[in-house]
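Peer 1: Got a structure for you, written out below as structure tokens; questions coming shortly.
Bear in mind that the values in this text are calculations on the coordinates, not laboratory data. Keep in mind that this is a model prediction, so the values were computed, not measured. With ideal geometry, Cβ positions are generated from the backbone for all residues, glycine too; neighbour counts draw on all protein chains shown.
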Number of protein chains: 2
Amino acid sequence: MRLSQFHLHTEKETPAEAEIASHRLMLKAGMLRRLAAGLYTWSPLGLRVLRKVEAIVREEMDRAGALELLMPTIQPKELWEETGRWQKFGGQLLKIRDRKDAEYCYAPTAEEVITDFARNELASYKQLPLNFYQVQTKFRDEIRPRFGVMRAREFLMKDAYSFDIDAAGMQRSYEAMHAAYVRIFTRLGLRFRAVQADSGAIGGDASQEFHVLADSGEDAIAFSTGSDYAANIEAAQAAQPGPRPAAAEELRKVDTPTQKTCADVAALMGIDLSRTAKSIALVGADADGNDQFVLALVRGDHDANEIKLAKVEGLAGYRMATEAEILAHLGSEPGFLGPVAPKQPIRVLADREVAAMADFVVGANEPGFHLAGVNWGRDLPEPDHVADIRDVVEGDRAADGGELRIVRGIEVGHVFQLGSKYAEAMGCTVLDEQGKPRVLQMGCYGIGISRIVAAAIEQNFDANGILWPDAMAPWRVAVCVINPKRDDAVSAAAEALYRELSDAGIETVLDDRGLRPGQMFADIELIGIPHRVVVSGRGLEAGTFEYRARNAEESENLDRETLLARLRQPKS
Amino acid sequence: MRLSQFHLHTEKETPAEAEIASHRLMLKAGMLRRLAAGLYTWSPLGLRVLRKVEAIVREEMDRAGALELLMPTIQPKELWEETGRWQKFGGQLLKIRDRKDAEYCYAPTAEEVITDFARNELASYKQLPLNFYQVQTKFRDEIRPRFGVMRAREFLMKDAYSFDIDAAGMQRSYEAMHAAYVRIFTRLGLRFRAVQADSGAIGGDASQEFHVLADSGEDAIAFSTGSDYAANIEAAQAAQPGPRPAAAEELRKVDTPTQKTCADVAALMGIDLSRTAKSIALVGADADGNDQFVLALVRGDHDANEIKLAKVEGLAGYRMATEAEILAHLGSEPGFLGPVAPKQPIRVLADREVAAMADFVVGANEPGFHLAGVNWGRDLPEPDHVADIRDVVEGDRAADGGELRIVRGIEVGHVFQLGSKYAEAMGCTVLDEQGKPRVLQMGCYGIGISRIVAAAIEQNFDANGILWPDAMAPWRVAVCVINPKRDDAVSAAAEALYRELSDAGIETVLDDRGLRPGQMFADIELIGIPHRVVVSGRGLEAGTFEYRARNAEESENLDRETLLARLRQPKS
């Protein structure tokens, strides 16, 4: 491609609307243009990158034996009602009425439609296993669309759905997709991790997320130095704590007139924060569905994890207790709460770490006082529940003996074992070897294609712009011509090099726009071309081209042969 | 691809819902599955064909220098209001409200969004010419979706938009697109015609449609034997008629007690239908916008053309006159109407052919009577308007001296010269060489990618199924194995041939499903694979493969070399 024939529209100003690097750089590089909230036009430059990602995803899906099809973006309400998701999916589901007042949605995902397809097309176990995928536009009516294509409303997604006769088959299909995802992100040249995840609204039995690692990532990921264990912070678990030490201190009341947080109490007492436990007053439901007051305890240096809390029996739809409820059950205002001697009987939920503590500090249920030297079984009953209800933290011991580290990531893929959830609800069965109807076992596998583009930038940028991995770059090589209009020999040499590289299958763009070198180089750096070659009169005299990798400090003067050899080998 | 690893789902029954061959065959072949009215899932088989078309369209657009981008499917109301089309587009525009009650539509086309993109991105004539295109899902809320993907609501379309500084530039961009379309349909292997067309709702200065020729086509196309003139029936013109002959007969009243049509009157009188003129009572508007009664006359053997009528001054929004209006102006009931001696003064609009008639027959404005020997200027005034207001018919003389023939076609592409229509309304200007703002000249160019698939079938099918042109076939060659499970040598030979063909770049599917030959051949014919090779024990013994082209009467036994040579040359 000759840039003079292309439409490149870079911006010098930093767009005010952009909060994160990828959004800012995509706008500055002219990859995107905003049409409305969460809706973006991909310019020719941006689309080149998007298509690179799409092509690699498609190749690896095909290689894994998945079959591409294409489902409509508009889906009828009736199917979503079969699974109950018409109501349950929430405000992200964009609902639409057509001219005949029939109801539809713009697909945010396609479990219902593919399960309908499968129940109509599949009759026998002999047709299995099958894995259908599509690359299709999706829409989620985000309440606060932002960060450009990172959290757009309309986006491009690859979604795949596997169908197997049994759980073992589903497991194999899931593993094949997991392996394909590893190949995809490896080929894209991104640093990533596959992490154990909570299944969330899609539901099902097991799931893993694929995260592109970047400091700006919205998600925290814990991984172990001892194995390849990695998990979303929502799902990560530290090792089981050691046995509880014997009680060594007497229970005593401590004067904490203004100290309402564990940190303040620990500072006042001159003890480590990890010796304190904070009390969180929740209201769940008992077996009959009535409100049940639960006091959850986590160590003062830990944070409770909402998702883990919600998995404890009786806390599925929990809420925070009101001040009135707290006063009624504990007899104290917040800031001085604790599990010892409540006003009314309560249920106590201790994090595993808290259950293993001795001689710890909690609120005294009396304004201005805490209790120290608290011990389970002596000063209060053993906890009603013990569970892992906290976020892991950097340095936690992992179950594999290693240490947990926390990094930040951007979720770009998710693989789920759905089991029979959708197939059961929609009656998707085939006849098995015995001729009996059998509900299919499904998996589903998503990749956010447009989001990968933004995530790659979050991982790879500097002050001058984007640093694309070779596989994602709009072009791998830019040939920059100095003074093309003034110097015919330079123009001809640049043209010859451009043709030679292109003929060798090296995707090259020729910057023949005739801009001043500074302006030209700034553009080429901003849009992130991995390899830059400058053709100038001085170089021609010396018989060299000036080569610089986008991520290199210095440029080098290379003769033609060395340059070609360098460019033929993708450098990542 | 091995069919055992693919998902092929053919149906023996003819689907009741399908009215036309392409719809029926796409359902029987399992290319499509209906999701809801006008919404279809493309199965893996169907998508292979769709992607073939898409790839050829993309290659030729790129070759023509157009730049691909991607606009959202969801577009904000505000832009559509700038051109007035939010109201004017009509019921096909699917309007949507998001969770914040903001209004959007699902794009049926993208003139507004691309013009908004251009006015933001383009500042100087130096950036021009530019032609942006996308391959994107569109939605038109058809009141009666039918014929499968021929008239679906959601469909895949390539839409392109050119921007030029002046009309001459627009003309060049238009011609480049016209040439690209000719290459596209030629490469697809379809019989097609580019025809002059009415611009319709998109508007603008000039337009041509591309039609795939097929007997079942919804559109009639006139073409001349004397040149490459071809036009949609809505736009086609015959040659100017010759001079009016002198009057030879006297005006006389003919008794036509029950003859209310020209055909009945001509039969009664024993004259040719072309000697009669039929009267069509219309109501248009005069210069002040008041109702104006107009009597339009076309020859008895011709049909009036609504679009041509609406182009006559005063008839832009015409309607048929009511019986009361007819009685008031002509003093007669329908069936006996004519332009002679109306009860009130009327405007008479004569088709060019009628204006050139002498001694013709019309209604007498008196129940039970017609007038014969009618002559302009003698028995009634010369017509107020003379215009071409009729459909051309087979055998009409063309302006180029040839004869007009009528064929049927399916519109699959449309190129428009829009001029400044959208750019003016939306303020899309750039600075010209003099530094003055100049409104851009646009063209727009659509191709219905999903519709092409159906149109190709309408043109190419027989009693056994589809006959794909090589370029559109899901696979060019099918290697069918007889008794693969019983005969290892046959299996091995088929596998070897499959690999050899695939390695030679010949897209091949191996039918290794182990079906009975009849069932296997029926499937392969139904899904339209152009070249079939059968590998059998008998053939192996003879050292030959049985080859049959889908469109051939007979199969041939060919040795390996001959077979490979045959398959290497695409036969169309």
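Peer 1: Based on a Kirkwood Rh over C-alpha pairs, give the Stokes-Einstein translational diffusion coefficient of the stretch A:520-572 at 20 °C and viscosity 1.002 mPa s in µm²/s.
Peer 2: Calculated translational D: 185 µm²/s.
Peer 1: Shifting gears a bit: Under the definition of Cα pairs under 8 Å and six or more residues apart, what whole-number percent is the relative contact order of chain B?
Peer 2: 17 percent
Peer 1: Pulled fully out, how much extra length does the chain show between B:ARG560 and B:ARG51, if you take 0.36 nm times their separation in residues and subtract their Cα-Cα distance?
Peer 2: Full-extension gain reported as 180.2 nm.
Peer 1: Quick query: amide H of A:ASN305 versus all other amide H atoms, modeled in the peptide plane; which residues come in under 5 Å with a sequence gap of 5 or more or a different chain?
Peer 2: HN-HN under 5 Å from A:ASN305: A:ARG390, A:ASP391.
Peer 1: Using a cut-off of 17 Å between alpha-carbon atoms, which lysines can reach A:LYS278, once sequence neighbours fewer than 8 places away in the same chain are excluded?
Peer 2: Filter leaves A:LYS253, A:LYS260, A:LYS308.
Peer 1: While we're looking at this one, here's another question. Rounded to the nearest 5, what % of the DSSP beta bridges within the stretch B:475-568 are antiparallel ones?
Peer 2: Approximately 45 percent, going by the DSSP bridge assignments.
Peer 1: Residue by residue, what Karplus-based ³J(HN,Hα) values in Hz, rounded to whole numbers, does the stretch A:45-53 have, using 6.51, -1.76 and 1.60 with θ = phi - 60° and x for Gly and Pro?
Peer 2: 5, x, 5, 4, 6, 4, 5, 4, 5
Peer 1: Expressed in nm², what is the orientationally averaged projection area of the convex hull enclosing the Cα positions of the stretch A:375-491?
Peer 2: Over all viewing directions, the stretch A:375-491 projects a mean Cα-hull area of 20.0 nm².
Peer 1: Could I ask something else about it? Counting pairs of alpha carbon atoms under 8 Å apart in space and at least six apart in sequence, what relative contact order in percent does the stretch B:475-568 give?
Peer 2: Relative contact order for the stretch B:475-568 comes out at 30 percent.
Peer 1: Sticking with this structure for a sec: How large is Rg over Rh for the stretch B:330-390, taking Rg from the Cα atoms and Rh as the Kirkwood inverse mean of 1/r across Cα pairs?
Peer 2: Taking Rh as the inverse mean 1/r over Cα pairs, Rg/Rh reads 0.94.
Peer 1: Please identify every one of the trypsin sites (Lys or Arg not before Pro) in the stretch B:2-89 that sits in a loop by DSSP and has no more than 12 other beta carbons within 10 Å of its own beta carbon.
Peer 2: B:LYS12
Peer 1: 7 Å along Cα→Cβ for the label point: how many nanometres lie between A:GLY543 and each equivalent label in the other copies, listed shortest first?
Peer 2: Output for A:GLY543: 5.9 nm, nearest copy listed first.
Peer 1: What are the extents of the Cα atoms of the stretch B:441-481 along their three principal axes, in Å, largest first?
Peer 2: Rounded to whole Å, the extents work out to 58, 21, 12 Å.
Peer 1: On to the next question. I'd like the distance between the alpha-carbon centres of the stretch A:516-535 and the stretch A:7-66, rounded to an integer number of Å.
Peer 2: 19 Å
Peer 1: Taking the DSSP beta bridges in the protein assembly as shown as the whole, what percent of them are antiparallel, to the nearest 5?
Peer 2: In the protein assembly as shown, DSSP labels about 80 percent of beta bridges as antiparallel.
Peer 1: May I pose another question? How large is log10 of I(q)/I(0) for the stretch B:57-169 at q = 0.23 Å⁻¹ when the intensity is taken from the Debye formula with one equal scatterer per alpha-carbon?
Peer 2: Values, matching the q order: -1.31.
Peer 1: Per residue of chain B, what 222 nm ellipticity follows from adding -39500 (n - 2.57) for every DSSP H run with n ≥ 4, rounded to the nearest 500?
Peer 2: So the calculated ellipticity at 222 nm is -8000 deg cm²/dmol.
Peer 1: How big is the stretch B:1-66 by the Kirkwood estimate over distinct Cα pairs, in Å?
Peer 2: For the stretch B:1-66, inverting the mean 1/r across all distinct Cα pairs yields 13.6 Å.
Peer 1: Given just the C-alpha atoms of the stretch A:62-111, how large is their convex hull per residue in cubic angstrom?
Peer 2: 99 Å³
Peer 1: Given the stretch B:1-160, what percent of its DSSP beta bridges are antiparallel, to the nearest 5?
Peer 2: Approximately 90 percent, going by the DSSP bridge assignments.
Peer 1: What does the charge add up to near A:ASP303, with Lys and Arg as +1, Asp and Glu as -1, over the other residues with Cβ less than 11 Å from its Cβ?
Peer 2: 0
Peer 1: Right, next: Setting aside same-chain residues fewer than 8 positions from B:LYS88, which aspartates and glutamates have a Cα under 17 Å from its Cα?
Peer 2: Excluding near neighbours in sequence, the set is B:GLU78, B:GLU103, B:GLU111, B:GLU112, B:ASP141, B:GLU142.
Peer 1: For label points placed 7 Å from Cα toward Cβ, what is the shortest-first list of nm distances from A:ASP303 to its copies?
Peer 2: Distances between equivalent label points, in nm: 7.2.
Peer 1: Now for a different question. Would you mind estimating how fast the stretch A:442-572 diffuses translationally, via Stokes-Einstein at 4 °C and 1.567 mPa s with the Kirkwood radius over Cα pairs, in µm²/s?
Peer 2: In µm²/s, the coefficient rounds to 83.
Peer 1: Of all GluC sites (Glu not before Pro) in the stretch A:526-561, which ones are in loop regions per DSSP and have a Cβ with at most 16 other Cβ atoms within 10 Å?
Peer 2: Counting only loop positions with at most 16 other Cβ atoms within 10 Å, the GluC sites (Glu not before Pro) in the stretch A:526-561 are A:GLU553, A:GLU554.
Peer 1: Could you pull out every one of the lysines with an alpha carbon less than 18 Å from that of B:LYS95, ignoring same-chain neighbours closer than 8 positions?
Peer 2: Hits, sequence-local ones excluded: A:LYS77, A:LYS95, A:LYS100, A:LYS138, B:LYS77, B:LYS138.
Peer 1: Net charge around B:THR10, counting only other residues with Cβ within less than 9 Å of its Cβ (Lys, Arg = +1; Asp, Glu = -1)?
Peer 2: The answer is 0.
Peer 1: What FRET efficiency, computed as 1/(1 + (r/R0)^6) with R0 = 35 Å and r the Cβ-Cβ distance, is obtained for A:ALA522 and A:ASP303, rounded to the nearest 0.05?
Peer 2: Given R0 = 35 Å and the Cβ-Cβ separation, E is 0.20.
Peer 1: Expressed in whole Å with the largest first, what are the equivalent ellipsoid semi-axes of chain B derived from the C-alpha gyration tensor as the square root of 5 times each eigenvalue?
Peer 2: Semi-axis lengths for chain B are 52, 33, 22 Å.
Peer 1: If you find the alpha carbon centre of the stretch A:323-391 and of the stretch B:471-486, how far apart are they in angstrom?
Peer 2: The stretch A:323-391 and the stretch B:471-486 have Cα centres spaced 73 Å from each other.
Peer 1: Sticking with this structure for a sec: Compactness ratio of the stretch B:252-387: Cα Rg over 2.2 N^0.38 Å, N = residue count?
Peer 2: Against the compact-globule rule of thumb, the ratio is 0.98.
Peer 1: I've got another one for you. Non-local amide H neighbours of B:LEU418 (under 5 Å, H modeled in plane, Pro and chain starts lacking H): which ones?
Peer 2: Correct list: B:ASP205, B:MET442, B:GLY443, B:CYS444.
Peer 1: I'd like the per residue volume of the convex hull spanned by the Cα atoms of the protein assembly as shown, given in cubic angstrom.
Peer 2: Per residue, the Cα convex hull of the protein assembly as shown comes to 263 Å³.
Peer 1: While we're looking at this one, here's another question. With the Cα gyration tensor of the stretch B:92-234 in hand, give its eigenvalues times 5 under a square root as the equivalent ellipsoid semi-axes, listed largest first in whole angstrom.
Peer 2: Equivalent ellipsoid semi-axes, largest first: 28, 25, 13 Å.
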